[in-house]
Amino acid sequence: METVDLFDLIERMSALIRSEERKKCAAVGLQAVHLQALNYLSRCNKYSDTPGALTNYLGMTKGTVSQTVSLLEKKGYIKKATDPNDGRVVHLELLPEGRKILEQAKPAELFIKAAAMMENKEDILSYEIAFSNTLAALQKANRTQSFGVCKTCHYFTLTDDGFLCGLTKQLLSEPDSEQICQEHTMVLWRL
Ligand code: SF4
């Protein structure tokens with residue numbers, strides 16, 4: 001019974017966020033998928049800024065994502081760059097114009113207003129943990145990647161030289177540790 005209520009709540013929240021997102025997108029002449037792609041590229045790390053990773057994150061067809069990428073490129077919001085070490089790999093880079101439009105169109109005010117209404121900050125933390133675990137369970141059930149924040153990954157390691165990715169064996173910077181990654185491996189939080 002509790003599980004059904006939780007999913008009902010998530011569905012209602014998603015509908016509210018999507019409705020706000022559609023309004024904001026219409027004001028800047030974009031569709032929700034365009035904003036979601038820009039938002040992803042503003043948050044993903046160097047291992048995850050490819051058209052393939054974007055397609056996995058959005059859960060859409062390659063054709064839809066390819067059209068989205070072309071439109072955003074044409075508008076000057078993103079650009080494609082070939083990987084210097086592997087000519088077959090293409091990276092997508094968010095350009096300053098894309099970042100500007102993203103800030104205008106993000107439904108962030110909705111979250112800020114809602115957070116301000118919630119007086120007890122400890123409650124917010126327990127909700128974050130509950131929603132993180134619910135998302136992890138949904139992704140596991142759907143067999144999709146977690147795309148979590150690097151510093152919460154199973155492979156994220158603190159060494160004497162700084163942060164290290166245990167999977168790629170490459171050093172990570174502080175900003176890297178805050179980005180999302182297609183290789184992220186979830187560690188479930190416990191309440
Ligand atoms: S530690 Fe995990 S999330 Fe971070 S770069 Fe490595 S695989 Fe990706």
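The values are calculated or read from the model by the stated rules, or taken from the named source; none is laboratory data. If you're wondering where the values come from, they're calculated on a predicted model, not measured in any experiment. Neighbour counts run over all protein chains shown; Cβ positions are idealised from the backbone, glycine included.
What to note about this one:
- The residues listed here are Ile124, Ile129; of these, the one that is β-branched (Val, Ile, Thr) and touching a residue at least 40 places away in the same chain (Cβ under 8 Å) is Ile129.
- Taking strands (runs of 3 or more DSSP E) as the structural unit, those lying wholly within segment 73-191 and holding at least 3 residues that are touching a Ser or Thr at 6+ places or on another chain (Cβ under 8 Å) and within 16 Å of the ligand (Cβ to nearest atom) correspond to 162-165.
- Residue in segment 39-50 that is part of a helix (DSSP H, G or I), modelled with pLDDT of 95 or more and touching a Phe, Trp or Tyr at 6+ places or on another chain (Cβ under 6 Å) present: yes
- Check on Ile112, outside the structural domain of Leu172 (by TED's automatic domain parsing), touching a strand residue (DSSP E or B) at 6+ places or on another chain (Cβ under 6 Å) and farther than 17 Å from Ile180 by Cα: no
- Residue within segment 54-71 that is in a helix (DSSP H, G or I), in contact with a His (Cβ under 7 Å, 6 or more places away or on another chain) and aliphatic (A, V, I, L, M) present: yes
- Extreme residue, surrounded by the most Cβ atoms within 10 Å (Cβ to Cβ), among residues of segment 132-191 that are among the aromatic types (Phe, Trp, Tyr) and more than 18 Å from Asp49 (Cβ to Cβ): Phe156
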